[in-house]
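Reviewing the structure listed below.
The values are calculated or read from the model by the stated rules, or taken from the named source; none is laboratory data. Since this is a predicted model, take the numbers as computed values, not measurements. FYI the Cβ positions are ideal-geometry reconstructions off the backbone, even for glycines, and counts take in every protein chain you see.
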Amino acid sequence: MSALTWAVAAVVSDDAGRVLLCRQGRGERRWALPGGRLRREESPAAAVLRNIRTETGWDVQIVDLVGLYRLSDRGTAPPPAGRCGPLPDVLVHVFRARVTAGTPTADPTGGCHLGWHAPADLPDAVTPITRTAVIDALAGRSGVLRDAGREPARPATAPSVGESGRGPGATPGAGPGAGPGGRGASGDPVAPGQRAEPDDSPAARR
């Protein structure tokens, strides 16, 4: 069994019902839920508030916990001698949250482009946990337990003109957003989330 990384993410919505996603400005560039890794002695709820504000500049209010999502390499054979093993499993606490103001309260940090997306029109390139968690959150589910496998890497594509997360009223496709989002920056869980490979820097992803 591989090591386990604990991460947090949130399905953040605005008054129009859109959800906030982050896309790394490097690597695979998949869209993911905003979030990151837990610090020592930090609760998941406190971690998600901190990570989202750092990564996106938005202050949010937690509504409830959608569920726990495990990102793993299912069915991966042991690596040959001298080779690195599979990436650690990521267990992501995904919350349902909403923004508390009409504009961000701080400047985002990191290398993530932000965009508000209609749930029925999410980008094709999203992390494994993102699409499932959005569906669960909008269906009003809570206490969900799901296992998600990593998907093959997608080729990087240039950011579209106008991706922005500077306000709930902003239209996806209206100016590049600054700031950093199942595994972090390049392997997606950017964690929880998964913003592939969750970390303390501004999803995983998530």
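Can you name every residue in the range 67-108 that is hydrophobic (A, V, I, L, M, F, W, C), modelled with pLDDT of 85 or more and not in a strand (DSSP E or B)? Within the range 67-108, A101, A106 meet the criteria. Across the range 29-52, the number of residues qualifying as closer than 14 Å to H113 by Cα and touching an Asp or Glu at 6+ places or on another chain (Cβ under 6 Å) comes to 2. Considering only residues in the range 6-25 that are surrounded by fewer than 23 Cβ atoms within 10 Å (Cβ to Cβ), under 15 Å from the mean Cα position of the chain (by Cα) and at pLDDT below 95, the one that is farthest from S72 (Cα to Cα) turns out to be G25.
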